[in-house]
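Trainee: Below is a structure I'd like to ask you about.
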Amino acid sequence: MALRERTLGRKARVAALVAVGLALLAYGVYQVGRIFDVFATRYTIVTLVESGAGLREGAPVTLAGKQVGQVSDIEFIPMSRKSGNKHLRIELAVSEEVQEQIRRDSRLFIRGQGLLGDKYMDISPGTSGAAILQPGDTIESETQLDIEQFLARGAAVLDTAAQAVSELRNITSSISRGEGTIGRLLTDDQLFVRLLATTSQFQSTLEALNNADGTFARMLRDPELYDRMLSAVDRVDRVGAAVLSGEGTLGKLLMSDSLYRSITATALRADSTLAGFSGLFAKVHQGDGALQRFLTDPGLYDEFLKTVVDFQTVIADMRANPKKFVPPVQVRVF
């Protein structure tokens with residue numbers, strides 16, 4: 001009897017331990033499922049990306065940094081349905097509890113968990129003015145600089161820096177050897193001596209300028225010159241005031257509008273005269289008068305030219321034999 005009771009006691013304790021273990025296991029599974037959002041009801045949205053390097057199925061999907069789902073499928077886009085540079089179609093299983101936060105203006109980013117960690121997908125919440133994404137809708141993705149691109153750009157920058165350092169080393173080497181203008185400035189003793197002589201001459205010039213008997217020193221120190229300049233400025237100011245008040249010829253030219261009216265009237269008369277000449281020339285060009293014929297008829301021009309030539313011949317003959325053209329004088333004596 002006692003043996004049976006001890007056996008039953010051991011079995012009860014074992015059963016109690018098993019029950020406690022199962023309860024702890026269930027609690028642990030529940031907590032893990034709650035943390036990783038395993039038991040939530042999900043819906044599917046789609047995104048198209050250029051590259052899924054480092055991304056795998058089952059990777060976390062976060063909304064503003066909080067895990068709300070996971071990547072359920074990654075597949076290539078058929079060639080007949082490709083648009084732009086998108087190559088992969090990724091399905092995201094997202095908890096329905098956050099469906100209201102994911103809208104048309106939401107954006108999806110592929111981020112890395114640390115510098116060398118796995119990739120995950122992060123969604124930025126949308127705004128209240130945009131429509132809510134429904135199951136099967138597509139969310140726009142944006143590409144971010146990943147670690148490979150960052151390292152590649154860093155390598156390019158280092159190459160450029162190394163090249164710049166090499167060129168700088170060549171420049172400093174040529175300067176240290178005394179090549180070029182800067183090298184000669186640093187290494188040529190004769191140039192230093194000339195520079196020192198130039199400095200001495202400049203100092204002598206300054207001392208001469210500071211001499212009270214010099215012209216420049218008198219310009220700087222003589223108050224009479226200042227008074228003369230002030231008087232000249234005052235006279236210029238009075239002349240300007242007189243001109244602005246309309247006094248004198250220059251003032252009338254600047255301030256009176258009679259000259260403007262005269263110039264305007266002259267311009268109008270000149271315009272009228274030009275218009276008259278234009279009309280006259282138009283009539284001559286379009287009419288059938290003597291002047292128009294003289295300007296356009298080549299036969300008339302030839303006859304006129306022949307007449308001029310004949311007249312020149314007569315004039316030349318008169319100069320050569322004037323008696324020929326003087327009538328004889330007959331004198332009769334009564």
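Just so you know, all these numbers are worked out from the coordinates, no wet-lab data involved. Values in this document were obtained by computation on a predicted structure and should not be read as measured data. All Cβ positions, glycine included, derive from the backbone under ideal geometry; neighbour counts span all protein chains shown.
Trainee: Report, by chain and number, residues whose modeled amide H sits under 5 Å from the one on Arg42, excluding near sequence neighbours (fewer than 5 apart, same chain).
Mentor: Residues meeting the amide H criterion: Glu96.
Trainee: Apply 1/(1 + (r/R0)^6) to the Cβ-Cβ distance of Ser174 and Met229, taking R0 = 45 Å, and write down the FRET efficiency to the nearest 0.05.
Mentor: Values: r = 54 Å, r/R0 = 1.20.
Computed FRET efficiency for Ser174 and Met229: 0.25.
Trainee: Could you sort the peptides 18-28, 99-109, 82-92 by per-residue average Cβ neighbour count (10 Å cutoff), highest mean leading?
Mentor: Final packing ranking: 99-109, 82-92, 18-28.
Trainee: Need the full-extension length gain, Arg111 to Thr199, defined as separation in residues times 0.36 nm minus the C-alpha distance. One decimal, nm.
Mentor: On the way: separation 88, 0.36 × 88 = 31.68 nm, distance 6.61 nm.
25.1 nm is the gain from fully extending Arg111 to Thr199.
Trainee: To continue, here is another question. With a point put 7 Å past each Cα toward its Cβ, work out how far Ser245 is from Ser166 in nm, to one decimal.
Mentor: My value for the distance between the label points is 8.0 nm.
Trainee: Using amide H atoms built in the peptide plane, which far-off residues or other-chain residues are under 5 Å from Ser72 H to H?
Mentor: Gly58, Glu91, Leu92, Ala93
Trainee: A further question on this structure: Along the Cα→Cβ direction, 7 angstrom out, place labels at Ala155 and Arg104. What is the inter-label distance in nm?
Mentor: Roughly 4.3 nm, to one decimal.
Trainee: Decide, for the range 60-176, between rounded, prolate and oblate: order the square roots of the alpha carbon gyration tensor eigenvalues as a ≥ b ≥ c, take rounded if a/c falls under 1.5, and otherwise choose prolate if a/b is larger than b/c, else oblate.
Mentor: Working: a/c = 3.14, a/b = 2.58, b/c = 1.22.
Cα axes put the range 60-176 in the prolate bin.
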